[in-house]
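The values are calculated or read from the model by the stated rules, or taken from the named source; none is laboratory data. Since this is a predicted model, take the numbers as computed values, not measurements. Positions of Cβ are generated from backbone atoms using ideal geometry, with glycine treated the same way; all protein chains shown enter the neighbour counts.
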Amino acid sequence: MATPTISRSAWRLTTDGLVERPYALDWPLLLQLGERHGRTVESVHECYGSPLKPPTEAVRRAGNVDWFGIPLQILLSLAGPLSDAAAYIWADGLDSGTFGGVAADRYQKDLPLGKAMGEEVMVAWRMNGEELSVERGGPVRLVVPGWFGTNSVKWLCRLSVQAARATGPFTTKFYNEVVPGKEADGTVRPVWAVEVNSIICSPAPAEVIEDGDVEIWGWCWCCGDADEIAGVKVVLDGGTQMVNAAVAQGEGPSWQRWSTLLRLGEGEHEVYARASTAHGDVQPLGNRRNEVHRVRFHIG
Ligand SMILES: Nc1nc2c(c(=O)[nH]1)N[C@H]1C(S)=C(S)[C@@H](COP(=O)(O)O)O[C@H]1N2
Ligand SMILES: [Mo]
């Protein structure tokens, strides 16, 4: 909607809902907790794309980030035992305004308790070693590794333990999509776990390279939860060469580097990379937000 103006001295993070001891935390207290429980998580940060458009075009807005903060589960545990009815954590950001013709006084998302309790899910205030800027969600944001960026609520002001899904527009009207392959019966799911994906970093589009052995490389990732990258296939010129790239070990929810050497002759070439997971998910060849990335380049 719009970037809010937040004064650090007035900022509070409230934890309430189905808990024994609702409480509010200010900035100095958060820093104190950080000294005891602070940790760093390296994680892919990927935008799903506009929820006003169908997910049939590649987006490729992704990065890999070092986040510093404390696990969400610690903030929840400070509120005492959760009620048996607890099933979701609602997270509110302080931005308000209108999006897609709908007015909202908060940006509100939710996480099922199972994900929220994962040790990778953080309330973060540093990114890549620096204090979070206001554009990045400072003073404090939620970070949900393995899930699309939309779930990582910026300008966090409230965590609420609830029995049912959040009721605001960003969980009801926006950010729900038809499950790929279920178009016929229209089964819908929330935009939560990222889909298997990869990008080519080199060659760059339209790059001119000398002939010989050329390194093709990029990054690949998937949601990490209970799944992992099984491999990356590199396909040249519609299939004249097909090889399995070497995939470097990743750390937790971070992306992984893949690379291969191809011997290339003069002329125009097109290469794509196709990542797959241990669960058998594979990047679509087209017509989908995580479709394979194709790069055309020139040798000679
Ligand atoms: N409060 C709030 N948090 C938000 C959003 C927002 O509009 N308001 N946008 C989300 C979306 S869609 C994405 S992709 C990420 C972008 O985070 P970045 O700007 O740090 O890349 O923030 C998410 N968190
Ligand atoms: Mo996004």
### Query
In the set E270, E207, E215, which member is over 19 Å from the mean Cα position of the chain (by Cα) and surrounded by fewer than 12 Cβ atoms within 10 Å (Cβ to Cβ)?
E215
### Task
Run E207 past the list (1) acidic (D, E); (2) assigned by TED's automatic domain parsing to the domain that holds M242; (3) within 16 Å of ligand 1 (Cβ to nearest atom) and report the number of the one that doesn't hold.
(3)
### Message
T167 - would you say it is within 15 Å of ligand 2 (Cβ to nearest atom) and either in contact with a strand residue (DSSP E or B) (Cβ under 9 Å, 6 or more places away or on another chain) or not in a loop (DSSP other than H, G, I, E, B) (or both)?
### Response
no
### Query
Inside the stretch 218-232, can you point out the residues that are surrounded by 11 or more Cβ atoms within 10 Å (Cβ to Cβ), over 15 Å from the mean Cα position of the chain (by Cα) and of a type in the set (A, V, I, L, M, F, W, C)?
I229, A230, V232
#### Entry: Every residue from the stretch 41-82 that is within 21 Å of C223 (Cβ to Cβ), among the aliphatic types (A, V, I, L, M), more than 16 Å from ligand 2 (Cβ to nearest atom) and not in a strand (DSSP E or B)
L72
### Task
Go through the residues of the stretch 34-50 one by one and say whether even a single one is touching a strand residue (DSSP E or B) at 6+ places or on another chain (Cβ under 8 Å) and more than 16 Å from R126 (Cα to Cα).
yes
### Message
When you check E183 against the structure, is it surrounded by fewer than 19 Cβ atoms within 10 Å (Cβ to Cβ) and not in a loop (DSSP other than H, G, I, E, B), yes or no?
### Response
no
### Query
In this structure, is W27 in contact with a Pro (Cβ under 7 Å, 6 or more places away or on another chain), surrounded by 13 or more Cβ atoms within 10 Å (Cβ to Cβ) and at pLDDT 95 or above?
yes
### Task
Looking for whichever is more than 10 Å from ligand 1 (Cβ to nearest atom) and surrounded by 24 or more Cβ atoms within 10 Å (Cβ to Cβ) here; the options are G146, G129. Which one fits?
G146
### Message
So F148 passes all but one of these: (1) under 20 Å from the mean Cα position of the chain (by Cα); (2) more than 16 Å from ligand 2 (Cβ to nearest atom). Which condition number does it fail?
### Response
(2)
### Residues being more than 7 Å from ligand 1 (Cβ to nearest atom) and either at pLDDT below 95 or of a type in the set (A, V, I, L, M, F, W, C) (or both) - total across the stretch 149-165
6
#### Entry: Leading residue by the ranking (farthest from W147 (Cα to Cα)) among those in the stretch 177-220 that are in contact (Cβ under 8 Å) with a residue 40 or more places away in the chain and within 16 Å of ligand 2 (Cβ to nearest atom)
E177
